[in-house]
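So the structure is just underneath, and the comments pick up after that.
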């Protein structure tokens, strides 16, 4: 077993030659450069140093330190200090770095990501989540897949493009938020600041899938849309009383009855251009013939009851069939020997595009069918964005770039994400935003937000190649 720690990567950075291949972009028709070993090493070093910084919500939040690390790399790569802005926002921070294009009339391309990560406790992990290590070609640490590794690759690729002599016609803005995993206040602030952008490429979403047990790429997803996030609080209150004198109006029982109804309810099936195309293109990669047939049948007719039942039985597919709501938190009562005076539950919903939170709340109220249960929208930091149109220039550039990185036979599948990202705030302001990570994972190694998060280093070179192709295509 090989084992490499953060400090063991430092010597490789000394070999980095910033002028290598400086004439690679002598003309718009020139082929994109190939990443060098030094460039790959630089990208990995940045990723590992970011992972080592505990950028988690709370008093010890070090997101600003991640921003400072990225700023220093950009300045070393040729950015003027005045072109890299770190803004403290409460306990966290944002980073915005600008690379001016030769035509100031063109709206800029925004390269988006986030610097914060989900909490991780050392006692729960096999390795220190904030002590990144490489073992047998796998990088372990919080942020390996969501999304410090991705962010480091994106930043490093832009630095490398500059070193290779590329001059964008359209300006490039790197915009990293600092609380995407929590309140998303910085996400909204950045979108408002950059609402004049032409297009957003967000590395926090999409991605590829390896064949089981191998590093052979099967297919690649990019997210052209996402469902809206919503939290609703259910609450039942009663006068309570002595537990020796039970009565029909029991807050816990009444809340439980409402939860059972919500758990059994399924929202109507939905489909749009993106989900239909996604099911059609993903079906050939489904090993189970019955499931593959159901995916095709659902794409052809979302009201096909038999197909819908099969697709909705799959956790990774159910979110693409319509709105979903699920109970996630529960509390009630105030003493073991007293009737409960209050019982509460949280219902988390992922809303299919085209519906408002108010409409979904009204539907939940109708499902519960009881005025005893009070329902309140307690969503923090989320909105219901419109659908991003499928822009032909992005689609063509993305497909060319991922095939240059991973091979011409890679299947490309448009996707609607069930989770939320910074992209929703750009979309809400009319800026097209696409989530397009060039990183591939095995199905059994997807640990974002979970224990022992990891990513395979075989991704480094193809990911840089992806950006070496995509960014010039969208900015020249």
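What is the distance in Å between the Cα centres of region 116-143 and region 361-376? About 42 Å separates the Cα centre of region 116-143 from the one of region 361-376. Extension gain for residue 88 to residue 309 (0.36 nm times residue separation, less C-alpha to C-alpha distance): 74.7 nm. Per-residue Cβ neighbour counts within 10 Å put 244, 55 in the sequence 244, 55, beginning with the fewest. A Förster distance of 22 Å, applied to the separation of the beta-carbon atoms of residue 337 and residue 249, puts the FRET efficiency at 0.75. Ranked by how many other Cβ atoms sit within 10 Å of their own Cβ, fewest first, the residues 186, 209, 321, 237 fall in the order 237, 209, 321, 186. By DSSP, the beta bridges lying fully in the chain are antiparallel in about 70 percent of cases. Taking other C-beta atoms within 10 Å as the exposure proxy, 158, 84 rank 84, 158 from fewest upward.
Protection proxy ranking for 175-185, 334-344, using the average of other Cβ atoms within 10 Å per residue and placing the highest first: 175-185, 334-344. Given the alternatives (1) 67.4, 213; (2) 22.2, 72; (3) 24.0, 86, Rg and Dmax of the Cα atoms in Å as computed for this entry is given by (3). Seen against the Cα atoms of the chain and their longest principal axis, helix 63-76 is set at about 20 degrees.
Taken along the Cα-to-beta-carbon direction at a fixed 7 Å, the label points for residue 192 and residue 59 span 3.0 nm.
An oblate overall shape is assigned to region 117-214, the ratio a/c of its alpha-carbon gyration tensor axes (a ≥ b ≥ c) being 1.5 or greater and a/b not exceeding b/c. The C-alpha atoms of the chain define a longest principal axis, and helix 37-51 lies at about 30 degrees to it. Axis of helix 392-406 versus longest Cα principal axis of the chain: the two differ by about 70°, to the nearest ten degrees.
Throughout, read-outs are computed from the coordinates displayed, never taken from laboratory work. Note that the structure is predicted; figures quoted are calculated from it, not measured. Neighbour counts are summed over all protein chains in view; Cβ atoms, including those assigned to glycine, are modelled from backbone coordinates with ideal geometry.
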